[in-house]
Amino acid sequence: MRLDVLTIFPDYLAPLDLSLIGKARREGLLDVQVHDLREFTHDRHRTVDDTPYGGGAGMVMRPEPWGEALDTVLAQPPVQPLLLIPGPGGEVFNQHMARELAGEPWLVFACGRYEGIDERVYLEAQERLPGRVRVVSLGDYVLNGGEVAVLAIVEAVARLLPGVIGNAASLVEESHEDGLLEYPVYTKPPTWRGHEVPEVLLSGHHGRIERWRRDERLRRTQARRPDMIAALRELPADHPLALGPADRAVLDEQG
Ligand code: ADE
């Protein structure tokens, strides 16, 4: 997968050299190119922002550097990238979107700062990449810019690519993969500071362990994310993720 990131803070993306993402880059699974937006300015101060028309607080990113930066990055036919613009006004990023993005060959991220990017940049990008521009929010809070969102999105997407995570089975029972949060995990020692590992996990009884883990997922999800349980209750009975009678019993017990 190819990734291009346009930003006025290229150093912010340095963590993409670390850990599994760094390894995936070194192994050629990911080609990440970070571009400094200021390289596409032509004045002595390398200006990327200006005051908003109509007045108001803060500064707005000028369209010209964005236009030139996108011209340069997009000038690589035949494939069209998906252009992602992080911002608090976008659709909320989730595991479903991570899976969609993981199926793309090429993602371009445009990181805004200040009060945002001149709206004409979005409009021109949409003309140029019809249906291939998405504004994406990490959640209902405001960051100072898109860079942290890019780090989060790239990590969530890259770990879904074949070969990035050694043990692909570890992707299956994770939070948000099937509508439930994950079960609690334990390792050695069996007793630590007076806290025991649940006996069932030491039993070697696979059927009991599986049921216990499912029950814990249900209890946890009900306690922390009742909205996710409500969504599962809405599914038709023949849906693969629908709650079964044993699931409903556990939830009713917890109240
Ligand atoms: N930039 C500023 N706030 C953001 C958010 N919540 N998500 C993504 N990008 C942002």
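The values are calculated or read from the model by the stated rules, or taken from the named source; none is laboratory data. Quantities reported herein were computed from a predicted structural model and do not represent experimental measurements. Note: ideal-geometry Cβ built from the backbone for every residue, glycine included; neighbour counts use all protein chains shown.
Here is a list of conditions, (1) surrounded by fewer than 12 Cβ atoms within 10 Å (Cβ to Cβ); (2) in contact with a helix residue (DSSP H, G or I) (Cβ under 9 Å, 6 or more places away or on another chain); (3) assigned to a loop (DSSP other than H, G, I, E, B), and E253 meets all of them except one; can you say which number that is? Status for E253: all satisfied but (3). So, in the stretch 158-170, exactly how many residues are within 27 Å of I229 (Cβ to Cβ) and surrounded by 12 or more Cβ atoms within 10 Å (Cβ to Cβ)? Residues that pass the stated criteria total 2.
Matching residues to (1) at pLDDT below 95; (2) surrounded by fewer than 17 Cβ atoms within 10 Å (Cβ to Cβ); (3) of a type in the set (A, V, I, L, M):
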position: G90; (1), (2), (3): no, yes, no
position: F93; (1), (2), (3): no, no, no
position: A98; (1), (2), (3): no, no, yes
position: L101; (1), (2), (3): no, no, yes
position: L107; (1), (2), (3): no, no, yes
position: G112; (1), (2), (3): no, no, no
position: I117; (1), (2), (3): no, no, yes
position: R120; (1), (2), (3): no, yes, no
position: Q126; (1), (2), (3): no, yes, no
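Right, G87: of a type outside the set (D, E) and more than 18 Å from G116 (Cβ to Cβ) or not? Judged against the criteria, G87 is not a match. Taking first residues from the stretch 16-28 that are over 15 Å from L3 (Cβ atoms) and partners that are in a helix (DSSP H, G or I), the Cβ contacts under 9 Å between residues at least 6 apart in sequence or on separate chains come to S19/E155.
Within the stretch 55-81, being aliphatic (A, V, I, L, M) and more than 16 Å from the ligand (Cβ to nearest atom) holds for A69, L70, V73, L74, A75, V79. Cβ separations smaller than 9 Å between residues 6+ apart or across chains give the following pairs from the stretch 121-138 residues that are more than 13 Å from L74 (Cα to Cα) to residues that are among the acidic types (D, E) and within 15 Å of the ligand (Cβ to nearest atom): R134/E91; V135/E91; V136/E91; S137/E91.
With respect to the stated conditions, L181 is in contact with a Lys or Arg (Cβ under 6 Å, 6 or more places away or on another chain) and surrounded by 11 or more Cβ atoms within 10 Å (Cβ to Cβ). Checked against the criterion of being within 16 Å of the ligand (Cβ to nearest atom) and either within 18 Å of L101 (Cα to Cα) or touching a helix residue (DSSP H, G or I) at 6+ places or on another chain (Cβ under 8 Å) (or both), the stretch 186-197 has no qualifying residue. Of the residues making up the stretch 31-71, those that are of a type in the set (K, R) and over 30 Å from L20 (Cα atoms) are R44, R46, R62.
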